[in-house]
Amino acid sequence: AFTKAWLEKKYKDCWLIMDREESASDNGYALYKYLLEKHPEINAYFAISRDSEDVAKLQEEGFRLVFVGSNEHKISIRNSKKLFYSYFTFEYSNEEAQRIFLGHGITKDDLPNPGLRSSDYFITAIDREQDYLSERTDLRAIKVGLPRYERLVEKLKYSEEIKDSIIIAPTWRSWLYL
């Protein structure tokens with residue numbers, strides 16, 4: 001029973017972050033975890049389906065959730081300062097918010113979904129990816145690394161348990177085989 005004015009104030013200039021609406025396991029999740037740990041002063045929220053199996057885990061981890069499709073979700077988008085997403089999932093519009101596409105892997109040899117053209121920024125992880133996108137699209141590609149890769153590096157750096165591990169990273173690319 002929150003008033004619209006109260007919700008607009010709550011979400012004013014927020015950062016709204018999202019992976020797929022039904023799950024939290026990609027770059028949006030990793031970015032939110034980073035903000036929660038390193039920048040709690042940022043007014044950030046994570047958007048996810050109310051029916052997602054990840055809701056309980058996110059609540060335990062201290063995530064501030066907004067449920068996709070709810071009136072609160074629509075208000076949070078309209079009042080956000082930045083919209084971060086790893087899949088093209090924001091159905092509603094806020095022309096004033098910066099849209100930052102986090103992606104969910106390295107973009108190579110195939111152009112991203114044309115729906116991403118309205119993104120203010122396309123986050124890349126390596127120079128070749130940034131160059132590829134800059135030469136072939138009108139996207140503003142910036143190389144800052146992918147949040148889930150950065151999280152993995154941090155875990156490897158400080159964990160004795162996995163220090164000498166071999167990481168296997170499957171791909172959907174049919175031409176890349178061992």
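The values are calculated or read from the model by the stated rules, or taken from the named source; none is laboratory data. This structure is a prediction, so every number in the text was calculated from the model and none was measured. Every residue, glycine as well, gets a Cβ built from its backbone with ideal geometry; the counts of neighbours run over all protein chains shown. The area values use the complete protein model at the heavy-atom level, side chains included, leaving out ligands, DNA and RNA. Shrake-Rupley method; radii C 1.70, N 1.55, O 1.52, S 1.80 Å.
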Exercise. Return the sequence-ordered ³J(HN,Hα) values of the stretch 127-142 in whole Hz as given by the Karplus equation 6.51 cos²θ - 1.76 cosθ + 1.60 applied to θ = phi - 60°, using x for Gly and Pro.
Key: 4, 4, 5, 4, 4, 4, 5, 5, 6, 10, 9, 9, 6, 8, 7, 10
Quiz item: Do the alpha carbons of any pairs in K12/K74; K9/K143; K33/K57; K9/K38; K33/K81; K9/K74 sit beyond 22 Å of each other, and which pairs?
Solution: K9/K143; K9/K38
Quiz item: Using modelled backbone amide H atoms (1.01 Å from N, in-plane), which distant-in-sequence or interchain residues come within less than 5 Å of A141's amide H?
Solution: F122
Quiz item: If you take the beta carbon distance between I142 and D13 as r and set R0 to 25 Å, what does 1/(1 + (r/R0)^6) give as a FRET efficiency, to the nearest 0.05?
Solution: 0.75
Quiz item: What are the ³J(HN,Hα) values, in whole Hz, obtained from phi via the Karplus relation 6.51 cos²θ - 1.76 cosθ + 1.60 with θ = phi - 60°, for each residue of the stretch 37-42 in sequence order, with x given for Gly and Pro?
Solution: 7, 9, 9, x, 6, 6
Practice problem: Note down the accessible area of S70, probe 1.4 Å, to the nearest 10 Å². | Solution: 30
Exercise. Could you list which residues have their amide H under 5 Å from that of V68, counting only those 5 or more apart in sequence or on another chain, with H placed in the peptide plane?
Key: I48, S49, R50
Practice problem: Go through the stretch 73-86 residue by residue and turn each phi into a ³J(HN,Hα) via Karplus (6.51, -1.76, 1.60, θ = phi - 60°); whole Hz please, and just put x for glycine and proline. | Solution: 4, 4, 5, 5, 5, 4, 9, 6, 8, 9, 10, 9, 8, 9
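Taking a ≥ b ≥ c as the square roots of the eigenvalues of the Cα gyration tensor of the stretch 29-81, is the shape rounded (a/c under 1.5), prolate (a/b larger than b/c) or oblate?
Since a/c reaches 1.5 but b/c is at least a/b, the shape of the stretch 29-81 is classed as oblate.
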